[in-house]
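I have placed the structure first, in the form of structure tokens, so that the comments after it can refer back to it.
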Amino acid sequence: MTIRLVLVRHGLSSFNAKGLIQGRTDDSLLTDEGYQQALKAGKALSNINFENIYSSPLVRAAETAKTINKNFKKEQNIVFDKNLLEVDLSEWSGLKIDEIKNKFPEIYPIWKNDPENLILKRNNKTYKPIQELFDQATNFMKNILKLYLDKDNINILVVGHNAILRCLILLMLGKPKQGFRKIRLENASFSILNISRNGNSFKTQIECLNQTSHLNKNIPNQIGDSRIFLIRHGETNWNKEGRFQGQIDIPLNENGRDQARKTSDFLKNTAFNKAFSSSMHRPYETAQIILQNNQDLTIQKIDSLVEISHGLWEGKLESEIREKWPILLKNWHNKPEKVIMPEGESIKDVSDRSIEAFDKICISQEVNDLTLLVAHDAVNKTLICNILGIYYSNIWMIKQGNGGITIIDLFNDASKPPVISALNITTHLGGIIDLTASGAL
């Protein structure tokens, strides 16, 4: 069983436009711009065959779903599911942020810094609004898995709201502590989750997060004081063949160079002022091509960001490894944290050295810095796991396509964690779905 969930946040609403908290109110309607965003979303999704469409019943989401649906060759019935309702913020709905700060000075900081533990009153009883959303997300996913348990390679469209979609994503990642503020979703953005059976349980992979390029907006708006663009190197022949390359310094192939050129064009309006790369050739060449119009910028090579050492596996296909190390390979796919590559590294080794290097880059960031960082599949995955607050053992939950772009917003305020504003954008290399080589990692 493989299910692809395409998550779409509703288009710009009247409350969004006015800077008002929405919550569960149904007084917030799609604006003209919101309808245009939904129309663009529908056009971008029109070539995907969806098994079903689910939507929140609130008007702003329902109208987004209906507008998207009209772009499909064959309109489908839309299932309006109450489990996709937005967070219930009670009397906060309809207020501006400054009004909430003034009226609720004691609990507003909890909403900003630890929303999972926010407690509000409703009908003279206390409740935790974000915890309620996680319960909704749990019920929604139980129904999805039950309905589509016996089907394979299907696509399901889910139209909802900022908070419920974030909870749905975080639920499938194991509910990382304080994860709610570590990701973001813009109006009419796309995020994709791939869910597959793993024995009696299920595996989740984030294919992308907060794609906005279909809205004529290549990258989401910056919310932090500085930004890091974390990019995986372009394709190599060994990526294409599915060979484990690790620390063998395989160069980019022509498609990989083309991916880097397309990435450069996609980010042409980004004025990078700092650049870092793994010291291996394939990420360094990718960085050079991305910066082809900014050749005065020095790319600093960092040895501790090199790819995982696969040891004796390097240069081999998975089928060849399975013949000699079948149990170790099985463990690598199911429990990577328990594997040390023969004469190579463990994923913990990679995570420790990568995080140390990344933290140094973060400390060096100044206000308005736009930093390019090009590295490898395993390196990028461990960094993203660390930012999300999940263990490095969960690297398979993260997808990093060749030439894929992940954007991390950083804050000078030490109390604010880094935010993943987009993950694995690959639309500049094809379409909504990541079609880059799966590689071997």
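The values are calculated or read from the model by the stated rules, or taken from the named source; none is laboratory data. Here the structure is a predicted model, which is why all the values come from computation and not from measurement. Here the Cβ positions follow ideal geometry from the backbone for every residue, glycine too, while neighbour counts run over all protein chains shown.
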Quick one: is GLN131 of a type in the set (S, T, N, Q), part of a helix (DSSP H, G or I) and buried (at least 17 other Cβ atoms within 10 Å of the Cβ)? no
Among the residues listed as SER364, SER354, SER319, SER304, the single one being among the hydroxyl-bearing types (Ser, Thr, Tyr), surrounded by fewer than 18 Cβ atoms within 10 Å (Cβ to Cβ) and in contact with a helix residue (DSSP H, G or I) (Cβ under 7 Å, 6 or more places away or on another chain): SER304
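This table checks each residue for (1) of a type in the set (A, V, I, L, M, F, W, C); (2) more than 28 Å from ILE21 (Cβ to Cβ); (3) more than 20 Å from the chain's Cα centre (by Cα); (4) not in a helix (DSSP H, G or I).
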site: ASN139; (1), (2), (3), (4): no, no, yes, no
site: LYS146; (1), (2), (3), (4): no, yes, yes, no
site: LYS151; (1), (2), (3), (4): no, yes, yes, yes
site: ILE156; (1), (2), (3), (4): yes, yes, no, yes
site: LEU168; (1), (2), (3), (4): yes, no, no, no
site: PRO176; (1), (2), (3), (4): no, no, no, yes
Kindly check whether there is at least one residue in the range 368-380 that is touching a Ser or Thr at 6+ places or on another chain (Cβ under 7 Å), exposed (fewer than 13 other Cβ atoms within 10 Å of the Cβ) and assigned by TED's automatic domain parsing to the domain that holds GLU235. yes
Given the options SER201, SER226, name the one that is without any contact (Cβ under 8 Å) to a residue 12 or more places away in the chain and farther than 18 Å from PRO115 by Cβ. SER201
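The rows are residues; the columns are (1) more than 20 Å from ALA357 (Cα to Cα); (2) surrounded by fewer than 20 Cβ atoms within 10 Å (Cβ to Cβ); (3) of a type in the set (A, V, I, L, M, F, W, C).
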site: GLY234; (1), (2), (3): yes, no, no
site: LYS240; (1), (2), (3): yes, yes, no
site: PHE244; (1), (2), (3): yes, no, yes
site: ILE248; (1), (2), (3): yes, yes, yes
site: GLU254; (1), (2), (3): yes, yes, no
site: ALA260; (1), (2), (3): yes, no, yes
site: LYS274; (1), (2), (3): no, yes, no
site: SER279; (1), (2), (3): no, yes, no
site: ALA287; (1), (2), (3): no, no, yes
Of SER93, SER56, SER46, the only residue that is crowded, with 16+ Cβ neighbours inside 10 Å and over 24 Å from LYS182 (Cβ atoms) is SER93
Yes or no: the range 205-213 includes at least one residue that is of a type in the set (Gly, Ala, Ser) and over 22 Å from GLU318 (Cα atoms). yes
